[in-house]
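A short worksheet on the structure shown next.
The values are calculated or read from the model by the stated rules, or taken from the named source; none is laboratory data. Computed from a prediction, not measured in an experiment: that's the story for all the values here. Note: ideal-geometry Cβ built from the backbone for every residue, glycine included; neighbour counts use all protein chains shown. Surface areas here come from the heavy atoms of the whole protein model, side chains and all, with no ligands, DNA or RNA. Shrake-Rupley method; radii C 1.70, N 1.55, O 1.52, S 1.80 Å.
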Amino acid sequence: MQDTIRLENGVNKDLQFEDNNLIRELYGQQNEHLKEIENLYGIKIHSRGGKLSLEGEGAEVESAYNFINKIYSLLEKGYSLDPGDLELASRIVDENSLQLEDIFLDTVCVSTRKKIIAPKSLNQKLYIESIRKHDIVFGVGPAGTGKTYLAMAMAVSALVNREVNRIILTRPAVEAGEKLGFLPGDLSQKVDPYLRPLLDALYDMMDYDKASRLIDKNAIEVAPLAFMRGRTLNDAFVVLDEAQNTTPMQMKMFLTRLGFNSKAVITGDTTQIDLGGQDKSGLLEAESLVKKIEGISFVYFSKNDVVRHPLVRQIIEAYEQKS
């Protein structure tokens with residue numbers, strides 16, 4: 001590793017890495033990761049083997065230098081970069097005093113597919129910690145912030161580790177601005193379109209055959225919210241998705257189902273309420289009524305927590321400006 005060299009139009013700073021496997025991961029295919037870091041920090045990066053030369057304005061080069069070292073440290077600890085990780089990691093490094101490892105290495109292991117899921121923002125880390133500590137957690141924020149996905153990962157992990165005996169995934173059967181009309185088939189076929197997003201996430205975390213067997217044995221139940229009425233849910237991890245589309249009566253019904261040794265995670269986006277007429281959102285009412293109860297936690301997400309395509313964050317910003 002060399003000292004900073006001052007150039008006529010900026011500075012140059014070098015880094016040297018030795019592990020060829022980690023170097024390939026750091027650089028990305030055809031140096032795509034290095035190109036992304038160039039764009040994030042407005043610098044130029046030249047690579048030769050394990051040596052990187054960073055050129056640009058002093059502050060930007062220093063920031064990129066520190067960032068690359070932190071990413072390499074993550075890789076040394078066994079982390080594997082996913083699409084979008086570099087942009088998310090740069091925001092964490094630039095905006096928070098927390099170490100990158102404190103967030104990206106706080107993993108939720110789902111052993112059935114050897115898949116490791118980790119938070120990608122400070123709020124996602126707070127969300128996971130809240131689920132660990134509290135029996136009822138509300139995750140509120142825009143689409144793409146990982147609210148439902150992380151809740152389901154925690155549920156699958158709890159089932160695999162035998163902390164609970166079953167998982168219950170539910171959501172209200174409310175159409176998102178469309179009238180689907182009469183749906184043919186039996187009850188399962190009628191509600192499947194509403195529950196499909198939950199199943200998609202489940203199959204992403206677990207082997208399809210394993211998940212199907214658990215569903216057949218009722219160890220995993222995917223059902224409309226109406227099916228929760230009259231039940232007491234013991235030894236269960238319950239996830240209520242799209243909670244902004246519950247009525248106040250439905251939300252009260254759901255929250256009072258919780259039994260012993262159970263957790264409930266309620267997710268919703270209050271900017272996407274699809275209830276018709278004068279119906280008030282049960283999520284909004286719950287926020288005003290139960291937020292101060294000890295043992296209940298609310299975690300709020302923003303556009304900065306979006307882990308989908310980078311355009312999704314810009315779309316959210318555009319709609320926020322409209323309102």
Only listed residue being among the charged types (D, E, K, R), in contact with a strand residue (DSSP E or B) (Cβ under 6 Å, 6 or more places away or on another chain) and open to solvent by 10 Å² or more (accessible area, probe 1.4 Å), chosen from 38, 76, 25, 60: 38
Top-ranked residue in the stretch 259-287 [being modelled with pLDDT under 95 and of a type in the set (Ser, Thr, Tyr); ranked as farthest from residue 237 (Cα to Cα)]: 271
Among the candidates 256, 246, 232, 267, residue that is surrounded by 15 or more Cβ atoms within 10 Å (Cβ to Cβ), over 30 Å from residue 92 (Cβ atoms) and among the polar types (S, T, N, Q): 246
Residue within the stretch 191-199 that is surrounded by 16 or more Cβ atoms within 10 Å (Cβ to Cβ), of a type in the set (Phe, Trp, Tyr) and modelled with pLDDT of 90 or more present: no
Only one of 74, 98 that is at pLDDT below 90 and out of contact with any Ser or Thr (no Cβ under 7 Å at 6 or more places or on another chain): 98
For residue 241: the one exception among (1) surrounded by fewer than 23 Cβ atoms within 10 Å (Cβ to Cβ); (2) at negative phi: (1)
Residue check, residue 125 modelled with pLDDT under 95 and either farther than 30 Å from residue 36 by Cα or open to solvent by less than 70 Å² (accessible area, probe 1.4 Å) (or both): yes
Single residue of 165, 66 found to be open to solvent by 50 Å² or more (accessible area, probe 1.4 Å), more than 15 Å from the chain's Cα centre (by Cα), closer than 30 Å to residue 195 by Cβ and of a type outside the set (Ser, Thr, Tyr): 165
Single residue of the stretch 294-323 satisfying the filter (touching a residue at least 40 places away in the same chain (Cβ under 8 Å) and of a type in the set (Val, Ile, Thr)) that is farthest from residue 121 (Cα to Cα): 296
